[in-house]
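Notes for the one structure printed next.
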Amino acid sequence: MSSDLKLEAETGRALGSRSSRRLRRSDKIPAVVYGQGSEPLSVVLDRLKFRAALNAAGPNAVITLDVDGSDHLTIVKNMQRDPIANRVTHVDFMRINLDQRLIVDVPITLVGEAAIVGLEGAVVQQQMMTLTVEAPAGNIPQLFEADITEMSINNPVRVSDLDMGSGVVPQAEDDALIAIGQRSRAAVAAEEAEEDELEEGEEGEELDAEASDSDEEAGDDAGADS
């Protein structure tokens, strides 16, 4: 069994930073293929084809790497990027087999509309952007969708709410928070101000009641003296 996603790579690249810079200027990416007890291979990728593959299948996709006509089943283990241009400058591919269990980070996206949270005067805050899981190489989730439709302040979305898929084991506690409903400082301040006004009103009513009682007592005393 092999991956449906296939990329071509070429060997024979010269090593060293000067050679790597020349490759990048010609829209190529230097890479290394390693693992499964075989010698590491220094290869070259076409930048546009590599980017298209990742955009289509996600960062945890199983890729059949065609290295000079020889297929290697791989997964992207590491990508280095230029900190300014954010372009990929080097890729590490790890050889795998589809039954092998791997530990990977899977992105989490929020779906749905948190209407209840809005009615509570709160906003949704995503606490966890990726979830680390252990999964068979042939069944790695590319994305987790966290449904926030039924969310409320007292009902956050947790790891246990995600659909993991067959053989996928999260490396976090089931009750770990993915998204919560949190009230803004302005909403909290407005509520506190309203509570203060209510308390002041209640205190005023108590003082008025005490004053009224005092007046009645004073009237009773005056009647008794006469």
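Distance in nm between label sites at residue 174 and residue 198, each 7 Å beyond Cα in the beta-carbon direction?
With each label point 7 Å from Cα toward Cβ, the separation is 3.7 nm.
Grab the alpha carbons of the range 103-183, take their convex hull, and tell me the volume per residue in Å³.
Numbers: hull volume 5.8 nm³, N = 81.
Given the Cα convex hull of the range 103-183, per-residue volume reads 72 Å³.
How much length would be gained if the chain were fully extended between residue 89 and residue 164, taking 0.36 nm per residue of separation minus their Cα-Cα distance, in nm to one decimal?
Details: separation 75, 0.36 × 75 = 27.00 nm, distance 3.23 nm.
Difference between extended and current length: 23.8 nm.
How long are the three semi-axes of the equivalent ellipsoid for the range 5-98, computed from the Cα gyration tensor as the root of 5 times each eigenvalue, in whole Å, largest first?
Numbers: eigenvalues 78, 51, 27 Å².
One finds semi-axes of 20, 16, 12 Å for the range 5-98.
Please give, to one decimal in nm, the separation of the simple spin-label points placed at residue 11 and residue 111, each 7 Å out from Cα toward the Cβ.
Once both label points are built, they end up 4.3 nm from each other.
Arranged from highest to lowest average of other beta-carbon atoms within 10 Å per residue, in what order do the peptides 82-89, 173-180 appear?
Details: 82-89: 10.9, 173-180: 15.4.
Per-residue mean Cβ counts within 10 Å order the peptides as 173-180, 82-89.
Taken together, the values in this text are just the output of simple stated rules run on the coordinates, not laboratory data. Since we're looking at a predicted model, the values are computed, not measured. Cβ atoms come from the backbone with ideal geometry, glycine included; neighbour counts cover every protein chain shown.
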